[in-house]
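In what follows, a single structure is set out as structure tokens and then discussed.
The values are calculated or read from the model by the stated rules, or taken from the named source; none is laboratory data. Keep in mind that what you see is a predicted model, and the values were worked out from it rather than measured. Every residue, glycine as well, gets a Cβ built from its backbone with ideal geometry; the counts of neighbours run over all protein chains shown.
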Amino acid sequence: MEIDWSEVKKITLWSYEELVEKILRVLSYSFVREHYNHSMREAEKYVDGLLGYDQKHADHVMKLARIFRKLDTLKIQSYAELIHRVENREKCEGFLRKAELPFRDFMSALNYLFRWVLPFNIYLRELIDADNETHLGYLEQLRELGISFNLDMLERGRHIEGRRRISEETGISETFVADLVNRADMTRLPYSNRKTVKHLCAAGYCSLGKIAQADLRDLKEHMRLHFDKTGVKFARSFIDLDGISRWARTVPRVVQT
């Protein structure tokens, strides 16, 4: 089996050590371990839930499904266990040789785990009105509580009592806290970012639940009206509404309403 570590950066944009560190950082959140730490059988079903809606992903879905089935036969119980089994280059090489898994295919699977399955960590500043001095003040108060990222906000505010506690400790209204939690929740959609959340909220879809419950035709029409009104040219490469609709129904429910 050929192993070329320079391929990792080409596939994932990170060195192997950086990729493992980033995955472990996300898995350090208790809500991620609770809701995302799939068994390999669950992982096989989940990849179809995320990517099975589009024929262009068909080959990738089949390849990932084969890898997860192989990992299941090796008694890998979860993503966390898998990462710890391959946490450095030496362990990874030994694991892949024993498992007889192609190096490049396995790196593609880790890239899928990082970019599609696990929620991405972004600064909360991306989710507020940075021109609003009040909001910037709220951001500073949240930082003092150790809340600087979207995943911090979900960790502390996914339950009603958590949001209430944040409000009590900062003086920020529960309404604003809940809105920020919902925006953080929306960033769990694959490849979602500040602009995605901004446009969805402006069109009236400011929670994952509302997106999941929406008829796809209504979602597309409301987004079209929003983009027409703002003069922004819509393209699927910009926001994949078919994907967003599917992903909103696939990602685990994390926020308590």
As an exercise: evaluate residue 212 against (1) over 23 Å from residue 129 (Cα atoms); (2) crowded, with 18+ Cβ neighbours inside 10 Å; (3) modelled with pLDDT of 95 or more and give the number of the one condition it does not meet. (2)
Taking the stretch 29-67 as the region of interest, how many residues are closer than 28 Å to residue 153 by Cα and either of a type in the set (Phe, Trp, Tyr) or assigned by TED's automatic domain parsing to the domain that holds residue 152 (or both)? 4
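Residues 172, 166: which one is hydrophobic (A, V, I, L, M, F, W, C), part of a loop (DSSP other than H, G, I, E, B) and either over 19 Å from residue 257 (Cβ atoms) or without any contact (Cβ under 8 Å) to a residue 40 or more places away in the chain (or both)?
Details: 166 fails: part of a loop (DSSP other than H, G, I, E, B).
Exactly one of 172, 166 is hydrophobic (A, V, I, L, M, F, W, C), part of a loop (DSSP other than H, G, I, E, B) and either over 19 Å from residue 257 (Cβ atoms) or without any contact (Cβ under 8 Å) to a residue 40 or more places away in the chain (or both), namely 172.
Results for (1) on the phi < 0 side of the Ramachandran plot; (2) assigned to a helix (DSSP H, G or I); (3) not aliphatic (A, V, I, L, M), shown as yes or no for each residue.
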position: 201; (1), (2), (3): yes, yes, yes
position: 204; (1), (2), (3): no, no, yes
position: 209; (1), (2), (3): yes, yes, yes
position: 222; (1), (2), (3): yes, yes, yes
position: 227; (1), (2), (3): yes, yes, yes
position: 233; (1), (2), (3): yes, no, yes
position: 242; (1), (2), (3): yes, yes, yes
position: 246; (1), (2), (3): yes, yes, yes
position: 257; (1), (2), (3): yes, no, yes
Pairs only if they're at least six apart or on different chains, beta carbon under 7 angstrom, first in the stretch 55-77 and under 17 Å from residue 243 (Cα atoms), second of a type outside the set (A, V, I, L, M, F, W, C); list them, first residue then second. 61/48; 61/52
Has the stretch 5-28 got at least one residue that is assigned to a loop (DSSP other than H, G, I, E, B), at pLDDT 95 or above, under 15 Å from residue 188 (Cα atoms) and in the same structural domain as residue 95 (by TED's automatic domain parsing)? no
